[in-house]
Amino acid sequence: MHESINTRKLAADAAVDHVKNGMTVGLGTGTTAYWAIQEIGRRVADGLQIRAVATSVQSENLAHELRIPIVPISSIDSFDITIDGADEIDDQLNVIKGGGGALLREKIIGAATKFYIIIADEKKYVTQLGAFPLPVEVVKFGWELVFYKLQSFGCTPVLRTLEEQPYLTDNDHYIIDCSFFHIPDPQQLHDQINRIPGVVENGLFLSMADLVILGKGNGSTEVLHKKSS
Ligand code: 5RP
């Protein structure tokens, strides 16, 4: 019987090859980033010397378990490398993130990163973004007004819930998941959404990834580089 290939781990292990001694590392969130944190933990146990900040409480807890040195974000002015997952990726390496609810910390850390690697199963690679509902993090006060505004942009918004209560991010905000189905102009939508008062951030990560590593069902990886502008 065939053992199924762990495409997430394939991509994660390839990404961790870019982590070198002395680096300040951003740790992503989600089931793919989990494998990267595991591999970083294994290499730290073998002597790799790094310091890290996690993009979520969940990833920080995992890093502590693995004895990865975690430092306060206030002690960091930039990250040498960040490795994080994605929900959708297009051929411009634009990405939808936030399925795991950590988009705000992920974007703060990603934006301060010199070499930003996105890792994912090959199925996350799409011709156009939008089939995955775009997560929008909003403050609690007046979230209904933001919801109606998002609806007026042509999407079907849904307030994310957990156990029948509104889902709360690590920053004590709500998330509204917006099904647009097609996002032909990600930059325009990104700017339009972030101009709504009450929106904290949205899950469009545009022109941020330097490298995308896709894990493939045939056991290989595919590496996509940012096109130089
Ligand atoms: C969390 C994220 C995740 O990176 C994204 O949802 C992908 O998750 P997974 O690797 O579990 O498919 O953005 O906010």
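The values are calculated or read from the model by the stated rules, or taken from the named source; none is laboratory data. The model shown is predicted, which means the values in this text are computed figures rather than measured ones. Virtual Cβ from ideal backbone geometry, glycine too; neighbours counted across all protein chains shown. In case anyone asks, the SASA skips ligands and DNA or RNA and just uses the protein heavy atoms, side chains included. Shrake-Rupley method; radii C 1.70, N 1.55, O 1.52, S 1.80 Å.
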Problem - Of E201, E65, E39, the one that fluctuates the most in a GNM where the chain has Cα springs shorter than 10 Å - result: E65
Practice task
Could you rank R160, R8, R67, R195 by how accessible they are, 1.4 Å probe, largest area first?
Solution key: R67, R195, R8, R160
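Can you give the charge dipole size of the range 134-201 about its Cα centre, rounded to the nearest 20 debye, using +1 on the beta carbon of Lys and Arg and -1 on the beta carbon of Asp and Glu?
It comes to approximately 240 debye.
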Problem - Gap separating the Cα centres of the range 25-70 and the range 164-227, nearest whole Å - result: 22
Exercise for the section: Put one equal scatterer on each alpha carbon of the chain, apply the Debye formula with no solvent term, and list log10 I(q)/I(0) at q = 0.10, 0.12, 0.14, 0.16 1/Å to two decimals. Expected result: -0.45, -0.64, -0.87, -1.10
Fill in the blank from the handout: On the formula 1/(1 + (r/R0)^6), with r taken between the Cβ atoms of F153 and S207 and R0 of 25 Å, the FRET efficiency rounded to 0.05 is 0.70
Handout entry: Label point distance in nm, H182-V57, each placed 7 Å from Cα along Cα→Cβ
Key = 4.1
Problem - Mean Cα-pair separation over length for the range 1-80, i.e. relative contact order, pairs under 8 Å, 6 or more apart, % - result: 31
Exercise for the section: Please tell me the relative contact order of the range 134-201 in percent, rounded to the nearest whole number, where contacts are Cα pairs under 8 Å and at least six residues apart. Expected result: 47
Fill in the blank from the handout: The ³J(HN,Hα) series, computed from each phi in the range 118-132 with the Karplus coefficients 6.51, -1.76 and 1.60 at θ = phi - 60°, rounded to the nearest Hz and given as x for glycine or proline, is 9, 10, 6, 5, 4, 5, 6, 7, 10, 6, 9, 5, x, 5, 7
Problem - Fraction of beta bridges assigned by DSSP in the chain that are antiparallel (%, nearest 5) - result: 55
Handout entry: the chain - percent relative contact order, Cα under 8 Å, separation 6 or more
Key = 24
Problem - Residue among F153, L189, N21 farthest towards the positive dipole end of the chain, charges placed on Cβ - result: N21
Practice task
Extending each Cα 7 Å along its Cβ direction at L145 and D17, get the distance between those two points in nm, one decimal.
Solution key: 5.2
Fill in the blank from the handout: Residue-normalised 222 nm signal for the chain, counting each DSSP H run of n ≥ 4 as -39,500 (n - 2.57), nearest 500 deg cm²/dmol, is -8000 deg cm²/dmol
Practice task
Under a cut-off of 28 Å between alpha-carbon atoms, report the lysines in cross-link reach of K9, not counting same-chain residues fewer than 8 places apart.
Solution key: K20, K97, K107, K114, K123, K124, K216, K226, K227
Fill in the blank from the handout: By accessible area (1.4 Å), largest first, Y116, Y148, Y167 order as Y148, Y167, Y116
Problem - Residue of P166, P72, P197 that the Gaussian network model of the chain assigns the largest fluctuation, springs spanning Cα pairs under 10 Å - result: P72
Exercise for the section: Report the charge-dipole magnitude of the range 1-103 in Debye, nearest 20, computed about the Cα centre from +1 at each Lys and Arg Cβ and -1 at each Asp and Glu Cβ. Expected result: 360
Handout entry: Accessible surface, 1.4 Å probe, highest first, among residues F79, F141, F115
Key = F141, F115, F79
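Can you give the local net charge around V57? Use residues other than it whose beta-carbon is closer than 12 angstrom to its beta-carbon, Lys and Arg +1, Asp and Glu -1.
Counting the neighbours of V57, the net charge comes to -2.
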Practice task
Wrap a convex hull around the Cα atoms of the range 134-201, take a quarter of its surface area, and give that in square nanometres.
Solution key: 4.5
Handout entry: Proximal charge balance of I68 [Cβ under 14 Å; K/R count +1, D/E count -1]
Key = 0
Practice task
Determine how large the accessible area of T32 is when every protein chain is in place; take a 1.4 Å probe and give Å² rounded to the nearest 10.
Solution key: 10
